[in-house]
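Trainee: Could you have a look at this structure, given as structure tokens, before my questions?
The values are calculated or read from the model by the stated rules, or taken from the named source; none is laboratory data. Everything numeric in this text was worked out from a predicted model, so none of it was measured. In this analysis, Cβ positions are derived from the backbone assuming ideal geometry, glycine residues included, and neighbour counts consider all displayed protein chains.
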Amino acid sequence: MKNTLTLLLVLLVSLAQAQTKKYPLLIGTYTNTCDSKGIYVYDFDTNTGDFVFKNATEKVINPSYLTLSKDQKIVYAVNENGSESTVSSFQFNSASGELTSLNQQKAQGADPCYIINDDKNVIVANYSGGNIAVFGKNSNGSLTAIKQVVQHKGKGIHSRQEGPHVHMVYFSPDKKYVLSNDLGTDAVSIYEYRPNAGTEVLKLKTTVAVPSGSGPRHLTFSKDGKYVYLLQELNGALSVFSFANGQLHKIQETTILATDFKGSFTGADIHISPDGKFLYASNRGDANTISIFKILKNGQLVSQSVVSSLGKGPRNFAIDPTGKFLLVAHQYSNEVVVFKRDAVSGAITDTGKRIALCSPVCLVFGK
């Protein structure tokens with residue numbers, strides 16, 4: 001009897017472990033190049049890498065970057081549309097995948113390309129406008145009128161650096177600072193973040209210059225918050241900084257390019273695995289690759305491999321919350337490629353699974 005009960009217990013535990021674990025997956029797209037409705041919602045199974053379509057918006061213009069509120073109830077999206085660009089808020093039902101429009105505000109700058117939020121504010125990077133826009137939140141999660149616009153100035157030596165191009169805004173892990181990458185001026189600006197301020201939510205603390213013509217695009221923090229990894233779009237450099245008290249100090253510079261690579265490239269996105277052990281970066285142009293690095297205890301990087309992204313234009317990519325899969329959004333080959341990730345080596349292998357979508361450019365996992 002005792003053996004039977006033990007066997008039954010083992011069986012029940014095994015069944016519980018085998019149960020599917022699904023996470024909401026939101027995908028932002030460009031809608032002006034092919035047939036797209038805007039934002040798409042899927043269930044993603046982190047045991048198998050399978051996915052099920054749940055819902056989509058209708059006639060939302062170019063939601064090329066998304067962010068999900070902490071309570072998972074509101075989605076904020078940029079609407080990248082030149083001088084007519086806007087920022088939108090949506091009520092999100094994670095069970096049904098339904099997105100219901102709440103409101104929209106002018107982006108206060110052309111071509112917003114990145115958006116973040118916390119309990120108090122929504123902050124947007126306007127690429128062509130060369131500025132940062134800060135909006136508050138109403139009680140229902142919708143966007144307030146503009147609270148602050150921070151205009152960058154300057155230019156660089158590259159043909160794409162004729163003026164400021166804010167490419168990212170990013171919270172420090174302690175939420176005391178917002179870091180902003182400017183591709184046009186080769187600078188990372190660090191702002192003191194004052195969430196409850198009426199107008200001066202962001203107050204400039206310092207600006208860190210990077211090599212001329214490098215074009216800083218995206219950054220991410222180490223799991224312990226002590227290091228910052230900065231990807232440069234125009235020269236493929238990957239810079240490592242120590243970070244403390246709102247200050248950056250460079251400790252290493254490497255590259256996402258394969259040693260024998262020749263051709264055009266533009267660095268795109270950068271993420272660290274949930275266990276904090278590996279860093280990944282995407283590269284477009286003729287390259288179309290994912291570069292994989294091991295993160296050492298001192299924060300520095302060791303290149304592991306550079307592999308094909310298996311598509312064209314790997315814009316944004318995401319690692320699922322369990323760390324088992326890495327999904328790559330290919331803007332030009334119109335699909336999301338699902339890779340399996342080895343937690344020990346950091347290597348990624350093709351699962352053969354694809355999410356076919358018009359011009360996918362942003363992937364966000366919910367809880």
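Trainee: If you check ASN103 against the conditions, is it surrounded by fewer than 18 Cβ atoms within 10 Å (Cβ to Cβ), out of contact with any Asp or Glu (no Cβ under 7 Å at 6 or more places or on another chain), at pLDDT 95 or above and part of a loop (DSSP other than H, G, I, E, B)?
Mentor: no
Trainee: What are the pairs, 6+ residues apart or on separate chains, where a residue within the range 77-97 that is more than 24 Å from LYS22 (Cα to Cα) has its Cβ under 6 Å from a residue that is assigned to a strand (DSSP E or B) and of a type in the set (Lys, Arg)?
Mentor: THR86/LYS106
Trainee: I'm checking my understanding of the structure. Among residues of the range 170-184 that are in a loop (DSSP other than H, G, I, E, B) and not hydrophobic (A, V, I, L, M, F, W, C), which one is surrounded by the most Cβ atoms within 10 Å (Cβ to Cβ)?
Mentor: GLY184
Trainee: Please state which one of LYS203, LYS147 is at pLDDT 95 or above, among the basic types (Lys, Arg) and surrounded by fewer than 17 Cβ atoms within 10 Å (Cβ to Cβ).
Mentor: Result of the check over LYS203, LYS147: LYS203.
Trainee: Right, something else. Among the residues of the range 314-345, which ones are touching a strand residue (DSSP E or B) at 6+ places or on another chain (Cβ under 6 Å), assigned to a loop (DSSP other than H, G, I, E, B) and either without any contact (Cβ under 8 Å) to a residue 24 or more places away in the chain or closer than 23 Å to PHE265 by Cα (or both)?
Mentor: GLN331
Trainee: Right, here's the next one. Step by step: first the residues of the range 323-350, then only those that are crowded, with 16+ Cβ neighbours inside 10 Å and among the polar types (S, T, N, Q), then the one that is farthest from ILE27 (Cα to Cα). Which residue is that?
Mentor: Filtering the range 323-350 for residues that are crowded, with 16+ Cβ neighbours inside 10 Å and among the polar types (S, T, N, Q), the one farthest from ILE27 (Cα to Cα) comes out as SER333.
Trainee: β-branched (Val, Ile, Thr), modelled with pLDDT under 95 and either over 24 Å from HIS330 (Cβ atoms) or in contact with a Ser or Thr (Cβ under 6 Å, 6 or more places away or on another chain) (or both): does that describe THR46?
Mentor: Criteria not met by THR46.
Per-residue answers, yes or no, for (1) over 22 Å from the mean Cα position of the chain (by Cα); (2) more than 19 Å from GLU80 (Cβ to Cβ):
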site: ILE116; (1), (2): no, no
site: LYS120; (1), (2): no, yes
site: LYS137; (1), (2): no, yes
site: THR144; (1), (2): yes, yes
site: LYS155; (1), (2): yes, yes
site: GLY163; (1), (2): yes, no
site: MET168; (1), (2): no, no
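Trainee: Confirm whether GLN72 is at pLDDT 95 or above, in a strand (DSSP E or B) and surrounded by fewer than 21 Cβ atoms within 10 Å (Cβ to Cβ).
Mentor: no
Trainee: Residue check, ALA95 against (1) of a type in the set (A, V, I, L, M); (2) part of a strand (DSSP E or B); (3) under 30 Å from LYS54 (Cα atoms), all met but one. Which one?
Mentor: Here ALA95 clears every test but (2).
Trainee: Looking at (1) of a type in the set (Ser, Thr, Tyr); (2) more than 24 Å from LEU238 (Cα to Cα); (3) surrounded by fewer than 22 Cβ atoms within 10 Å (Cβ to Cβ), which is the one condition that is false for TYR193?
Mentor: (3)
Trainee: Among (1) assigned to a loop (DSSP other than H, G, I, E, B); (2) closer than 23 Å to LYS21 by Cα; (3) in contact (Cβ under 8 Å) with a residue 60 or more places away in the chain; (4) not basic (Lys, Arg), which single condition is GLY299 missing?
Mentor: Only one criterion in (1) assigned to a loop (DSSP other than H, G, I, E, B); (2) closer than 23 Å to LYS21 by Cα; (3) in contact (Cβ under 8 Å) with a residue 60 or more places away in the chain; (4) not basic (Lys, Arg) is unmet by GLY299, namely (2).
Trainee: Among (1) over 22 Å from ASN196 (Cβ atoms); (2) surrounded by fewer than 18 Cβ atoms within 10 Å (Cβ to Cβ), there is one condition VAL78 misses while meeting the rest; what is its number?
Mentor: Unmet for VAL78, out of (1) over 22 Å from ASN196 (Cβ atoms); (2) surrounded by fewer than 18 Cβ atoms within 10 Å (Cβ to Cβ): (2).
Trainee: Taking only the range 302-321 into account, find how many residues are of a type in the set (Lys, Arg) and either at pLDDT below 95 or closer than 25 Å to TYR23 by Cβ (or both).
Mentor: 1
Trainee: Quick check on LYS147: is it closer than 24 Å to GLN105 by Cβ, touching a strand residue (DSSP E or B) at 6+ places or on another chain (Cβ under 7 Å) and among the charged types (D, E, K, R)?
Mentor: yes
Trainee: Same structure again: What are the pairs with Cβ atoms under 7 angstrom where one residue, in the range 266-283, is on the phi > 0 side of the Ramachandran plot and the other, located anywhere, is at pLDDT 95 or above and crowded, with 22+ Cβ neighbours inside 10 Å? Sequence gap at least six, or different chains.
Mentor: So the pair list comes out as GLY276/ILE295.
Trainee: Still on this model: From the residues in the range 231-279 that are small (Gly, Ala, Ser) and in a strand (DSSP E or B), which one is nearest to CYS362 (Cα to Cα)?
Mentor: ALA268
Trainee: While we're looking at this one, here's another question. Quick one: in the range 280-308, which of the residues that are within 27 Å of VAL364 (Cα to Cα) and of a type in the set (Lys, Arg) is surrounded by the most Cβ atoms within 10 Å (Cβ to Cβ)?
Mentor: Filtering the range 280-308 for residues that are within 27 Å of VAL364 (Cα to Cα) and of a type in the set (Lys, Arg), the one surrounded by the most Cβ atoms within 10 Å (Cβ to Cβ) comes out as ARG284.
Trainee: Then there's this: Give me the pairs: first residue in the range 175-204 and on the phi > 0 side of the Ramachandran plot, second residue of a type outside the set (Asp, Glu) and not in a loop (DSSP other than H, G, I, E, B), beta-carbon distance under 7 Å, and six or more apart or on different chains, which are they?
Mentor: Once the first residue is on the phi > 0 side of the Ramachandran plot and sits in the range 175-204, its partners that are of a type outside the set (Asp, Glu) and not in a loop (DSSP other than H, G, I, E, B) give LYS175/TYR193; ASP186/ALA209; ASP186/PRO216.
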